[in-house]
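Asks: Got a structure for you, written out below as structure tokens; questions coming shortly.
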Amino acid sequence: MKKLAILGSTGSIGTQALDVVRDQPDRFQVELLTCGNRVELLIQQALEFNPNAVVIGDPAKLELVKEALFPKGIKVYAGPEALEQAVTMEGIDLVLTALVGYAGLRPTLAAIEAGKTIALANKETLVVAGELVTAAARAKGVNIYPVDSEHSAIFQCLAGEWHNPIEKIVLTASGGPFRGRTREQLATVTKAQALKHPNWDMGAKITIDSASLMNKGLEAIEAKWLFDLKREQIEIIVHPQSIIHSIVQFRDGSMKAQMGLPDMKLPIQYAMAYPERLATTWPRFDFARYPALTFEPPDLDTFRNLALALEALDTGGNAPCVLNAANEVAVELFLQDRIGFLEMSDLVAHCLATVPHINAPTLPDLEASDAEARRLAREHTLSAWRS
Ligand code: NAD
Ligand code: MG
């Protein structure tokens, strides 16, 4: 029986993780559930899975949650500090980080410090502080199992290959809803169009990142830290069917790919049950429905966010943290209809060029870079409106 903490239990990954728990009641027990502010769903989940504790991000909602869960003997806390504390609770074996954005960094570090195994969905944590997080995990002997489908694919391809060096990895990308479009066309795309992903049903932030290909850039940085790779060892290829989830190439030239229908429950369950594969009744791949699997290079001129992310990967230091902060603000402004699709890249480029570079940032350095990039991104948007 593995005892789980699910951070971001009300989101796309969080609810699918609970589907896995529901299917495998002899394997998993929920100890902690947390979310940002979707109180009703959090309460409903807690009543079903009976965790030891829940944390609600928004302190204004604390009383409401307490009223519902206190009588059931479930502890209720609120706010980011409480989240950092709760993940260290005795009795938690594995922490699934399924919250979105920079907010995942501190609780993930706290969980590692407390020696908890990590199932990592929150890629932003490794983008912002890959060096610190992987160093902390090594120091504590903590394993980080990837949940992101591409990284899970690579992890699955590496089973039994630990002593064989990786020549390169190939991260596959669906290309998103705007594959094949020109910059002129991208200038006028709407939020509703960007939120319609062809193959995956995900939270709003990652769906926009997938449309702009920023997601693949973040994943390249995530892969660098998870698998200890250099930039030259990471190739990105657009594969619109999303059946091959990624590829590892070894030094003899052999390539191993992991395939399957696009369903996040598989990588979520693999990370939760590792090293075991648990039986499922999910739909199986049918060759008749996929007569062709196709591949094409990504268009870095049109999808500038991917080029910017790869540039930040090359630069290193605090550059990926700045990229991430600027992008989080850009996505938020785009989702509020306050900037256009292409302006997201302008904001990211502006912040990357403006925030001073730090070569080997400490956690306080990263916090300062994050804050500075957010401030600059908002200021840049305001001055663009005024002129
Ligand atoms: P989502 O928006 O659907 O859910 C996010 C969850 O985090 C919610 O429970 C929300 O309440 C909580 N949350 C948000 N902000 C918070 C804060 N400041 N403090 C505490 N909790 C907060 O997002 P998602 O699509 O499930 O993605 C979660 C993470 O997993 C992201 O980092 C994403 O990049 C990654 N990921 C998602 C998918 C997917 O299929 N959805 C695939 C690969 C990776
Ligand atoms: Mg992915």
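Asks: Sorting check: for 163-173, 325-335, 58-68, which peptide has the highest mean count of neighbouring beta carbons within 10 Å, and how do the rest follow?
Replies: Put in order of decreasing packing, that is 325-335, 163-173, 58-68.
Asks: Sticking with this structure for a sec: Quickly rank 48-55, 150-157 as a protection proxy: mean count of other C-beta atoms within 10 Å, highest first.
Replies: 150-157, 48-55
Asks: Please list 3J(HN,Hα) in residue order for the range 247-256, calculated via the Karplus relation 6.51 cos²θ - 1.76 cosθ + 1.60 where θ = phi - 60°; whole Hz, with x for glycine and proline.
Replies: For the range 247-256, the Karplus curve yields 9, 10, 10, 9, 6, 8, x, 5, 10, 10 Hz.
Asks: Report, in whole Å, the centroid distance computed from the Cα atoms of the range 312-328 and the range 60-88.
Replies: The range 312-328 and the range 60-88 have Cα centres separated by 33 Å.
Asks: Find how many whole Å separate the alpha carbon centroid of the range 359-381 from the alpha carbon centroid of the range 1-47.
Replies: If you average the Cα positions of each part, the centres end up 32 Å apart.
Asks: Assuming 0.36 nm per residue, please report the length gained on full extension of the stretch Thr280 to Asp19 beyond their Cα-Cα distance.
Replies: Value of the extension gain: 92.8 nm.
Asks: Now for a separate question. Taking a ≥ b ≥ c as the square roots of the eigenvalues of the Cα gyration tensor of the chain, is the shape rounded (a/c under 1.5), prolate (a/b larger than b/c) or oblate?
Replies: Rounded, since a/c falls under 1.5.
Asks: Now, a different point. Could you tell me which chymotrypsin sites (Phe, Trp or Tyr not before Pro) in the range 231-301 are loop residues by DSSP with no more than 11 other beta carbons within 10 angstrom of their beta carbon?
Replies: Passing sites in the range 231-301 are Phe285.
Asks: Let me ask something else about it. Determine ³J(HN,Hα), in whole Hz, for all residues of the range 21-27 in sequence, where each value follows from phi through the Karplus function 6.51 cos²θ - 1.76 cosθ + 1.60 and θ = phi - 60°; x replaces Gly and Pro.
Replies: Values per residue, Gly and Pro as x: 4, 4, 6, 10, x, 7, 9 Hz.
Asks: Between the range 99-154 and the range 174-226, what's the alpha-carbon centroid distance in Å?
Replies: First find each Cα centre; the distance between them is then 23 Å.
Asks: By the gyration tensor of its Cα atoms, with a ≥ b ≥ c the square roots of the eigenvalues, what is the shape of the range 126-178: rounded for a/c under 1.5, prolate for a/b over b/c, or oblate?
Replies: In terms of gyration-tensor shape, oblate.
Asks: So who's got an amide H within less than 5 Å of the one on Lys2, skipping anything under 5 residues away but keeping other chains? H placed 1.01 Å off N, in plane.
Replies: The answer is Phe28, Gln29.
Asks: Moving on. I want to check a number: in the range 2-146, how many lysine pairs have alpha carbons closer than 15 Å, given a sequence separation of 8 or more or different chains?
Replies: Here the count comes out as 5.
Asks: Using only DSSP helix segments of four residues or longer, with each worth -39500 (n - 2.57), what per-residue ellipticity at 222 nm results for the chain after dividing by its residue count and rounding to 500?
Replies: Calculated mean residue ellipticity at 222 nm is -14000 deg cm²/dmol.
Asks: Hey, could you get me the Stokes-Einstein D for the range 1-149, Kirkwood radius over alpha-carbon pairs, 37 °C and 0.692 mPa s, rounded to whole µm² s⁻¹?
Replies: For these conditions, the coefficient is 219 µm²/s.
Asks: Separate question: Taking the simple approach of a point 7 Å from Cα along Cα-to-Cβ for both Leu47 and Thr362, what is their distance in nm?
Replies: 4.8 nm
Asks: Extension gain Glu161-Ala139, at 0.36 nm per residue separation less the Cα-Cα distance, in nm?
Replies: 5.6 nm
Asks: OK, next. Of all DSSP beta bridges in the chain, what percent run antiparallel (nearest 5)?
Replies: Of all bridge pairs located within the chain, approximately 25 percent are antiparallel.
Asks: Would you mind working out the magnitude of the charge dipole of the chain relative to its Cα centre, with +1 at each Lys and Arg C-beta and -1 at each Asp and Glu C-beta, to the nearest 20 Debye?
Replies: 440 debye
Asks: Using +1 at the C-beta of Lys and Arg and -1 at the C-beta of Asp and Glu, which of Ala82, Tyr102, Ala139 has the Cα lying farthest in the positive direction of the dipole of the range 2-146?
Replies: Ala139
Asks: If you don't mind, another one. Order the peptides 254-262, 208-216 from the highest to the lowest mean number of other Cβ atoms within 10 Å of their residues.
Replies: 208-216, 254-262
Asks: Further, regarding this structure: Along the range 69-83, what does the Karplus equation 6.51 cos²θ - 1.76 cosθ + 1.60 (θ = phi - 60°) give for ³J(HN,Hα), rounded to whole Hz, x for Gly and Pro?
Replies: Couplings: 10, 4, x, 8, x, 9, 6, 10, 10, 9, x, x, 5, 4, 5 Hz.
Asks: Moving on. Work out how much length Leu261 to Glu131 would gain on full extension: take 0.36 nm times their residue separation and subtract the Cα-Cα distance, in nm to one decimal.
Replies: 43.5 nm
No lab work stands behind these numbers, since they all come straight from the coordinates. It should be emphasised that the depicted structure is a prediction, and the values quoted were computed from it without experimental measurement. Note: ideal-geometry Cβ built from the backbone for every residue, glycine included; neighbour counts use all protein chains shown.
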